[in-house]
Amino acid sequence: MEKVEGRNQTPIMEFILLGFGDGPELQPLLFLLFLLFYMVTVAGNLLIVGLVVADRHLHTPMYFFLGNLSIVETLYSSTILPRLLASLQTGNRTISLKGCLMQLYFFGLISATENLLLTAMSYDRYLAICQPLRYAALMNGRVCCQLVTGSWISNMPSCTIGITVLYQLTFCDFKEIDHFFCDVAPLLKLSCSDTQTVQLLLFILAALGTVLPCLLTLGSYVCIIAAILRIPSATGRQKAFSTCSSHLIVVTLYYGITITTYVVPTASTSKVLHKILSIFYTVLNPMINPVIYCLRNKEVNNSLTKATHKLLAVRDRFRIGKDKF
Ligand SMILES: *[C@@H]1O[C@H](CO)[C@@H](O)[C@H](O)[C@H]1NC(C)=O
């Protein structure tokens, strides 16, 4: 560990995540609330994965990406919620520096992967709507796999660099992080090293991982909407739009919430607001996706209805079988 000039305390290797304050009567309520959110998120997303794998009608690129997006969403909320639940339950709010950086690494990697998957999905819709004749050739199984694998792998170098740089920093004096997970900004505030270059580097990495996919997604949708508006018949326009509307809603909510969380309230006066927005960003966002697809998307909806009927049939058969004995 390097010593920092003018200070000679032992460097801090452990933090306290303050979470949602000290109120003891509030903790059980928060625990139940977040447990509910977590269970709904995992159940909803795994339901989508199950439907996509089991139903042959959903074996198309669009649902292949959706299935993978649901896997990513499940992992995403798993980087934050289990730890938060454990600390709400036990009251132990400490997290080691390594644990903190590990959480940050997976959170960053999975967020960046989600950005790229959403981009891949909008590129898929772009090809389907703007290049319908070449769609099947361009978006074949191999390309789909490459896009998914690429979304994961391409973010690993930048996330590894970011975390390595953070690991070089020294932390002293304060160990309280006023947040419910290890996020970059509150962590940087606690460092007593010079963080200016680190801040710049992390900003560039975050911008590359977020702004670039966001612009590509936006570009795809500009082309898609322009193409839809050129369709002469109203029913044709509606039909084309219905194939991408669920994804458009998911993307809009996702970037809307991300941008609001990270751009708007950075002043220290709005810490509470920032925490609430972070809940939207980290907890509610992964929950919304299955809800939108199950409610709005006809194919997912049909598949869900069929699966429910099948389950009910199995249950009835099981009952009849039991009655015989
Ligand atoms: C996600 O992607 C992987 C690899 O590209 C693929 O094998 C898998 O079937 C996909 N999962 C779902 C649920 O679509």
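Taking the condition of being among the charged types (D, E, K, R) and in contact with a helix residue (DSSP H, G or I) (Cβ under 9 Å, 6 or more places away or on another chain), how many residues in the range 181-221 meet it? Final tally of qualifying residues: 1.
Restricting attention to the range 134-172, and to residues there that are more than 17 Å from the chain's Cα centre (by Cα) and among the β-branched types (Val, Ile, Thr), which single residue is nearest to the ligand (Cβ to nearest atom)? If we take residues in the range 134-172 being more than 17 Å from the chain's Cα centre (by Cα) and among the β-branched types (Val, Ile, Thr), then 143 is nearest to the ligand (Cβ to nearest atom). When residue 40 is tested against the conditions (1) under 21 Å from the mean Cα position of the chain (by Cα); (2) farther than 22 Å from residue 274 by Cβ; (3) within 16 Å of the ligand (Cβ to nearest atom), the lone failure is (3). There is no residue in the range 98-108 that is among the aliphatic types (A, V, I, L, M) and either within 13 Å of the ligand (Cβ to nearest atom) or outside any helix (DSSP H, G or I) (or both).
Name the single residue that is farthest from residue 96 (Cα to Cα) among those in the range 168-186 being assigned to a helix (DSSP H, G or I) and at pLDDT below 90. Checking each candidate, the answer is 185. Which residue is farthest from the ligand (Cβ to nearest atom), if the candidates are limited to the range 60-91 and must be assigned to a helix (DSSP H, G or I), polar (S, T, N, Q) and surrounded by fewer than 18 Cβ atoms within 10 Å (Cβ to Cβ)? Top of the filtered list is 90. The sole residue among 222, 283, 300, 250 that is in contact (Cβ under 8 Å) with a residue 60 or more places away in the chain, more than 30 Å from residue 186 (Cβ to Cβ) and in a helix (DSSP H, G or I) is 300.
Every residue, every condition in (1) modelled with pLDDT of 95 or more; (2) farther than 30 Å from residue 222 by Cα; (3) not acidic (Asp, Glu), yes or no:
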site: 28; (1), (2), (3): no, yes, yes
site: 36; (1), (2), (3): yes, yes, yes
site: 39; (1), (2), (3): yes, yes, yes
site: 96; (1), (2), (3): no, yes, yes
site: 129; (1), (2), (3): no, no, yes
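Among the candidates 253, 200, the residue that is more than 19 Å from the chain's Cα centre (by Cα) and either surrounded by 12 or more Cβ atoms within 10 Å (Cβ to Cβ) or at pLDDT 90 or above (or both) is uniquely 200.
The values are calculated or read from the model by the stated rules, or taken from the named source; none is laboratory data. What you see is a predicted model, and the numbers here were worked out from it, not measured in a lab. No Cβ is skipped: glycine too gets one built from the backbone with ideal geometry, and neighbour counts run over all protein chains shown.
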